[in-house]
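Worksheet for the structure shown next.
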Amino acid sequence: MEGGSTLSWRENIINQIQNRNKEQLFKFQDLITSHNRLFDNHNALRHENLQLSIQNEKLRSEGAVIHHGNGNVSILESKLLAQQEELTELHKKRGENAQMLIDLNKKLQEKEKKLQMVEESLAERTATNNSLNKEIERYITHKTELEKVNQHLRDEHQALQLAFYHLEEKLRKAQEENSKLVDQIMKYKSKTAEKMNEENENFLRKCNLKLQRELEDAAKDMKGINFDAIPEDGPNMQRSQVPSKAAVVFDAHDGVASAVQWGPVDRVIATGGEDRKVKLWDVSKGNPENRGVLGASNAGVMSVHFDNTGTYILAASNDYAARVWTVNDQRLRVMTALLFLNFIDIKFDISDNLQVGF
Amino acid sequence: MATDREVLREIWEGKLPVCFELNQEEVNDLQAPEPYYLIVPRLSYFPLVTDKVRKHFVKYIHPDKLDAEIWLDYNGTPLKWHYPIGVLFDLNNSDIQLPWTITVHFDKFPEEELLHCTSRETVETHFLSCLKEADALKHRTQIVMNMQKKDHNQLWLGLQNDKFDQFWAVNRKLMEVGGEESFRYIPFRCYYKDEPCLQRLIKPLSESGCRKTLSQLLEELNMLQDGLSQLKVTTHGIEPPLDTPLQWMSEHLSYADNFLHLIVSSVG
């Protein structure tokens, strides 16, 4: 520690660095920079030398070429050659030009031919044009004639129209008359009808009177008849049987059962009740067997009916509607429009169309 | 924070005269080439300064080796390009005669002793990774990571072109303590005898909050068996006093890679 121990560490370090630089760097710095400069110079010179020698070589070879040349003669010869070449080239060009001239002439002739053809076609066109013009004139005259005829026809038409109006008026009068006559006829007819009614009533009254009289006579006659004289098993008397016992009784609905109907085939019964349902029952085995319940009604069912074949079933309901189901699959098929009156009874007519009675 | 510009400047300006010679066995010409002399910065790396050397010697070697990578040796030991030049010099300081004569080789690359260095980018990568390592020790890498690519470039170009102001404009941020009193750990590498360099986590402050000095660092590295007087610590070609605070050393005496490179040798 050359700096001495009394200095602080920082000054010690700086001193050491400066000493280091003095020893290691400054002694050599100038030397090495000058060395580097010399080195660079050396390199530059060497490079320059190389280039100069190359240039020298080039110049030497050029000089050799000049020495070997034979001066003016060769130059002139070369010029001559060049001129000759030029001449042949010009000749060639002339030939080309002549050829071009011939080609152009040919083209000119072709163009002229084309021109002629065009003129001919032009003449043709004008001829056809003329004929067409004539035709047009003819058509114009024809047209005027037709216009005249047209005018004539129009006049005629007007006259006919007048006649037509006249006739129409007549027709209207006749119709009025006719309607009056019809009214009169209607009056007469109603009168005759009244008369007929009166006659009928009179007839009925007479009949009734007659019947009463006859009945009174008969009552008078009864006194003489002996009932015991009539035999018990008279040949003319047949005992009629009144059913006294129900074969099957069953509860069909909750509440009132308001409609019942036999099916046209099988032993099927359809019932309708206040519980808004239509039910199908099979009674062929003695006791009823439920075959299905047809819902969809919104109020009590008032009437049920089968069609002739037993495939459809019709029901009228208090909800102002009539509905048709198929029996087999028990699906609703038709529902009539709502009506303002309740159905009380309905029927299929013979042709299976729905007919409704109130 | 590193405020002592005088010291920083002196450290930055540290340079060495070097004489490059081509290996005699590789000369492929009638006469051996002239040696090439250069003044090289201590903080730089050899691959950054040897372009001209290569250009000078390449005319004299065998044409097959024109594209070969060059490598350097001093006294038969290959020089590791990834150490700063100053460290390489200080490691061999005991027997160097100035100017420092270095042999240049194109042939027989010592694969087992040296890493390949194909271009300047390799050096840049190594340099930046050292920076990041140092920052990890000092600030948990926060500062390096927050820098932009252009800041990294500025650091690298400043070192490459020997521009003090350009380099320190950015390096200043890396030397900030950031609100605390000191760095977390001191980034240093210690070279002792021929062993590979020694690295430990050492805080710049002791438990009681006092600033640690260089002698305390040696103590923590267990190098004081022979007593303080038997050891010599060298960096940048000087021997810093043993009572220099570590924090100050790290801020002012670090190499460009932000590491302190301390060469420890025993006297006698």
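The values are calculated or read from the model by the stated rules, or taken from the named source; none is laboratory data. Predicted model only: the values in this text are computed from it and were never measured. Glycine gets a Cβ as well: all are built from the backbone with ideal geometry, and neighbour counts include every protein chain shown. Remember, those area values only see protein heavy atoms, side chains included, never the ligands or the DNA or RNA. Shrake-Rupley method; radii C 1.70, N 1.55, O 1.52, S 1.80 Å.
Solvent-free Debye calculation, one equal scatterer per alpha-carbon of chain A: log10 I(q)/I(0) at 0.09 Å⁻¹ equals -1.07. Shielding of peptide A:19-27 by partners, expressed as the average count of other chain Cβ atoms within 10 Å per residue Cβ, is 5. Helical content alone sets the calculated 222 nm signal of chain A at -21500 deg cm²/dmol, taking -39,500 (n - 2.57) per DSSP H segment of four or more residues and averaging over every residue.
Compared with the dominant principal axis of the Cα atoms in chain A, helix A:72-221 is inclined by about 10°. Accessible surface area normalised per residue over the stretch A:89-175 is 103 Å², counting heavy atoms of protein chains with a 1.4 Å rolling probe. Within the P(r) computed for the stretch B:118-256, what percentage of the Cα pairs occupies the region above 25 Å? Summing the P(r) tail past 25 Å for the stretch B:118-256 gives 33 percent. If I model a spin label as a point 7 Å beyond the Cα along the Cα-Cβ vector, how far apart are those points for B:Asp73 and A:Asn197 in nm? Once both label points are built, they end up 15.6 nm from each other.
For the protein assembly as shown, the alpha carbon positions stretch 190, 113, 48 Å along the principal axes, listed from largest to smallest.
The calculated FRET efficiency for the pair A:Lys27 and B:Met145, based on their C-beta separation and a Förster distance of 30 Å, comes to about 0.10. With a Cα-only, solvent-free Debye model of the stretch A:85-142, what are the log10 I(q)/I(0) values at q = 0.27, 0.28 Å⁻¹? Values returned for q = 0.27, 0.28 Å⁻¹ are -0.97, -1.00.
Put simply, the Cα atoms of chain B extend 70, 48, 34 Å along their principal axes, the longest span coming first.
Compare A:Arg10, B:Arg200 by solvent-accessible area with a 1.4 Å probe and give them largest first, with all protein chains kept in place. Numbers along the way, then the final one.
Details: A:Arg10 65, B:Arg200 115 Å².
Heavy-atom accessible area, descending, gives B:Arg200, A:Arg10.
When every Cα-Cα distance of the stretch A:2-161 is counted in 10 angstrom steps from zero, the calculated P(r) takes the values 7, 8, 8, 8, 7, 7, 7, 7, 7, 7, 7, 6, 6, 5, 3, 1 percent. For chain B, the mean residue ellipticity at 222 nm estimated from helices alone is -9000 deg cm²/dmol, where every DSSP H run of n ≥ 4 contributes -39500 (n - 2.57) and the total is divided by all residues, rounded to the nearest 500.
Can you give the direction-averaged projected area of the convex hull of the alpha-carbon atoms in the stretch B:1-53, in nm²? Provide the component values of the computation, followed by the final result.
Working: hull surface 19.3 nm².
With the hull built on Cα positions only, its mean projection is 4.8 nm².
A full extension of the chain between A:Lys180 and A:Asp266 corresponds to an added length of 24.8 nm, given 0.36 nm per residue minus the alpha carbon distance. Given R0 = 41 Å, the distance between the Cβ atoms of A:Gln55 and B:Glu21 translates into a calculated FRET efficiency of 0.70.
Peptide B:239-245 has a mean shielding of 5, counted as Cβ atoms of other protein chains within 10 Å of each residue's Cβ.
Annotation: A:Leu90 carries an accessible surface of approximately 100 Å², with a 1.4 Å probe and no ligand, DNA or RNA atoms counted.
Relative intensity of the stretch A:19-82 on a log10 scale, I(q)/I(0) at q = 0.12, 0.21, 0.24, 0.28 Å⁻¹, equals -0.61, -0.89, -0.96, -1.05, per a Debye sum over C-alpha point scatterers of equal strength in the absence of solvent.
Taking every alpha-carbon pair in the stretch B:136-194 and binning the separations at 5 Å intervals from zero gives 4, 17, 23, 18, 19, 12, 6, 2 percent. Simple point charges give the picture: +1 on the Cβ of Lys and Arg, -1 on the Cβ of Asp and Glu, and for the protein assembly as shown a dipole about the Cα centre of about 2180 debye. Just the accessible area for B:Ile143, please: 1.4 Å probe, Å², rounded to the nearest 10? For B:Ile143, the solvent-accessible surface is approximately 40 Å². Computed from the Cβ-Cβ distance with R0 of 22 Å, the FRET efficiency linking B:Asn92 to B:Ser266 stands at 0.85.
The modelled label-to-label distance for the pair A:Gln84/A:Leu211, using points 7 Å beyond Cα in the direction of Cβ, is 16.5 nm.
Taking only the Cα atoms of the stretch B:57-100, the radius of gyration and Dmax are 13.3, 38 Å.
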